[in-house]
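Comments concern the structure below.
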Amino acid sequence: MSIRKARSSTLFFFVLAAAAVAGAADKLDKGLLDPAWFGQDVEFRTSDQLDYFWVKPGFSLEGKTLQVEAWPDPVFLGDKKDVDSKDSARAFELSGSMPNWLRGSLSNALGDYAHVSKDEGDYVLSGRFVDVNAGNRVAKFMVGLGAGSATATWDMKLVDKKTGELLAALHHRSVSGTYMSDIDDKILKWMDRDFGPAMRQNLASYATAKKPRK
């Protein structure tokens, strides 16, 4: 092989490697947060209440109607070999439950500040699960220390129904690490304690939130 060809081959593989690194760098949360699903590049930040989130400057829910869409089937973005039938079944169950949970929680949190609907609205809230681990209740009880923990990770986005403009984006994980609770409890607690109040405040905490680690 000539020196010129060797240099060309080396450069080619370097470009491929750089592209692979750049692609991985675009996905936060060890690849579970795929920016492409949100439709545009946004600067995600993190807080104690929301793992990764973004909101359009000037966003407000006041006086608006929020339509909560049904969730599609889950899409596992992690290592597929770690997913078993229990994980898949749990993910499908949670996907069916999330819209009802969100409507109930947001209705309480928003009160008369904004309205929540199943069929119509100014803004549309949609979501999907990207990873679910059903966990093991026996391991939780017998071993503890995080053994057998159940986890669920999901994306949500809020768009303007007329224009399709992205108004807010979120990626979050809940963990049930003790036998005294399950992942349903943790998700509902997060909605009532963190997500609902954050929406009532128009996700204003974004202004002081930190840039997330990879």
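The values are calculated or read from the model by the stated rules, or taken from the named source; none is laboratory data. In this text the structure is predicted, and so the values were computed from the model without any measurement. Cβ sites come from the backbone with ideal geometry, for glycine too, and all protein chains shown count toward neighbours.
Tally up the residues in the range 65-97 that are in contact with a strand residue (DSSP E or B) (Cβ under 8 Å, 6 or more places away or on another chain), touching a residue at least 60 places away in the same chain (Cβ under 8 Å) and closer than 14 Å to ASP184 by Cα, please.
3
If I ask for residues that are of a type in the set (Val, Ile, Thr) and outside any strand (DSSP E or B), which ones from the range 152-167 would you list?
If the condition is that a residue be of a type in the set (Val, Ile, Thr) and outside any strand (DSSP E or B), then THR163 is the only one that fits.
Just checking, which of GLY111, GLY104, GLY96 is at pLDDT 95 or above, surrounded by fewer than 20 Cβ atoms within 10 Å (Cβ to Cβ) and under 21 Å from SER205 (Cα atoms)?
Values: GLY104 fails: under 21 Å from SER205 (Cα atoms); GLY96 fails: under 21 Å from SER205 (Cα atoms).
Within the list GLY111, GLY104, GLY96, the selection yields GLY111.
Does any residue of the range 75-95 turn out to be assigned by TED's automatic domain parsing to the domain that holds PRO197, within 15 Å of ASP155 (Cα to Cα) and of a type in the set (Ser, Thr, Tyr)?
Yes.
From GLY104, GLY127, grab the single residue that is without any contact (Cβ under 8 Å) to a residue 12 or more places away in the chain and within 16 Å of TRP190 (Cβ to Cβ).
On the way: GLY127 fails: without any contact (Cβ under 8 Å) to a residue 12 or more places away in the chain.
After ruling out the rest, the residue left standing is GLY104.
Out of the residues in the range 37-83 that are closer than 18 Å to GLY164 by Cβ and touching an Asp or Glu at 6+ places or on another chain (Cβ under 7 Å), state the one that is surrounded by the fewest Cβ atoms within 10 Å (Cβ to Cβ).
Within the range 37-83, the match that is surrounded by the fewest Cβ atoms within 10 Å (Cβ to Cβ) is THR65.
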